[in-house]
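Just below is one structure, and these are the notes that go with it.
The values are calculated or read from the model by the stated rules, or taken from the named source; none is laboratory data. Source: prediction; values computed, not measured. Cβ coordinates were reconstructed from backbone atoms using ideal geometry, including for glycine residues, and neighbour counts include every protein chain displayed.
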């Protein structure tokens, strides 16, 4: 795969613009899309005309080191090569998704811990007696600090870069 960005653009235009949708597609669906795309590019009749008028030689359209002499066989070779590239792309997309999901799971686990700590303090506050003004004030301050910590944690630690690496793959995000 020489140009990952070009492959990414082609796949988003041809197969799916959404990485999540792309990795959910079956191999048969992908094969059908690639087959239709290849066969739409240049028909056998157009190639035959170009060869007959001398504007094109079959050697010019087949893959390097290929011995095929008819367009359907040449197209099958193209499909096979494109499928290899798509397979590598999907494999990398799955790895990126896995990394994001693992980081998100760790993130969510920490969020739950922090919510639990806040809930404990709120319950403690709720269970205080009517005249425990100083302790209530102290607990409210602690709860505010814990809530501020939670907000800061959510903002600073969500695995955004891993999510973007998966969703955007090789797209230029500038």
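The helices (runs of 4 or more DSSP H) falling completely within region 2-55 that include 1 or more residues that are touching a helix residue (DSSP H, G or I) at 6+ places or on another chain (Cβ under 6 Å) and modelled with pLDDT of 90 or more map to 4-14, 19-24, 27-41. All conditions but one from (1) farther than 21 Å from residue 20 by Cα; (2) surrounded by 12 or more Cβ atoms within 10 Å (Cβ to Cβ) apply to residue 165; the one that does not is (1).
Residues checked against (1) in a helix (DSSP H, G or I); (2) surrounded by 15 or more Cβ atoms within 10 Å (Cβ to Cβ); (3) free of Cβ contacts under 8 Å to residues at least 24 places away in the same chain:
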residue: 63; (1), (2), (3): no, no, yes
residue: 72; (1), (2), (3): yes, no, no
residue: 75; (1), (2), (3): yes, yes, no
residue: 85; (1), (2), (3): yes, yes, no
residue: 90; (1), (2), (3): yes, yes, no
residue: 95; (1), (2), (3): yes, no, yes
residue: 101; (1), (2), (3): yes, no, yes
residue: 105; (1), (2), (3): yes, no, yes
residue: 110; (1), (2), (3): yes, no, no
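The C-beta contact set for region 113-130 (first residue part of a loop (DSSP other than H, G, I, E, B), second residue surrounded by 12 or more Cβ atoms within 10 Å (Cβ to Cβ), distance under 9 angstrom, 6+ apart or interchain) comprises 128/135; 128/136; 128/139; 129/135.
Every residue in region 131-162 that is loosely packed, with under 10 Cβ neighbours inside 10 Å and outside any helix (DSSP H, G or I), please. Selection gives 131 alone.
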